[in-house]
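Let me begin by presenting the structure, written as structure tokens, before commenting on it.
The values are calculated or read from the model by the stated rules, or taken from the named source; none is laboratory data. Given the structure is predicted, the values throughout are model-derived calculations rather than measurements. Virtual Cβ from ideal backbone geometry, glycine too; neighbours counted across all protein chains shown. Only protein heavy atoms, including side chains, enter the accessible area calculation; ligands, DNA and RNA are left aside. Shrake-Rupley method; radii C 1.70, N 1.55, O 1.52, S 1.80 Å.
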Amino acid sequence: MSDSFFKAIADPSRRKILLLLQKHSKLNAGEIAAHFQFSKAALSDHLKILRSAGLITALKSGQFIYYSLNTSVFQDIISWITDLIKKDEV
């Protein structure tokens, strides 16, 4: 796992964004912002960190950018954790 992954999930607001995307499949920035009290600039920074870590994807549709979970990354994380557990059992 890269340091960017751990940095991304270390913040409770970013974890909440991931949970929102899990629940709603895809959301634009305005829809995500409705769940928080911080500025648009702060939300932009959170989304940038999540994208840099590969945890979310962004797709432009018309005037909006829709964010969704990058499920392949989560599958890699589960495999990594499973490997760690197997190594502890040996």
Considering LEU59, LEU21, which residue is assigned to a helix (DSSP H, G or I) and either open to solvent by less than 90 Å² (accessible area, probe 1.4 Å) or free of Cβ contacts under 8 Å to residues at least 40 places away in the same chain (or both)? LEU21
Meets criteria (among the hydrophobic types (A, V, I, L, M, F, W, C), closer than 20 Å to ILE77 by Cα, at pLDDT below 95 and exposed (fewer than 12 other Cβ atoms within 10 Å of the Cβ)) for PHE6: yes
Residue hits (the stretch 62-90; surrounded by fewer than 15 Cβ atoms within 10 Å (Cβ to Cβ) and part of a loop (DSSP other than H, G, I, E, B)) are GLY62, GLN63, VAL90
Within the stretch 9-18, track down each residue that is open to solvent by less than 90 Å² (accessible area, probe 1.4 Å) and either closer than 10 Å to LEU69 by Cα or in a helix (DSSP H, G or I) (or both). ILE9, ALA10, PRO12, SER13, ARG14, LYS16, ILE17, LEU18
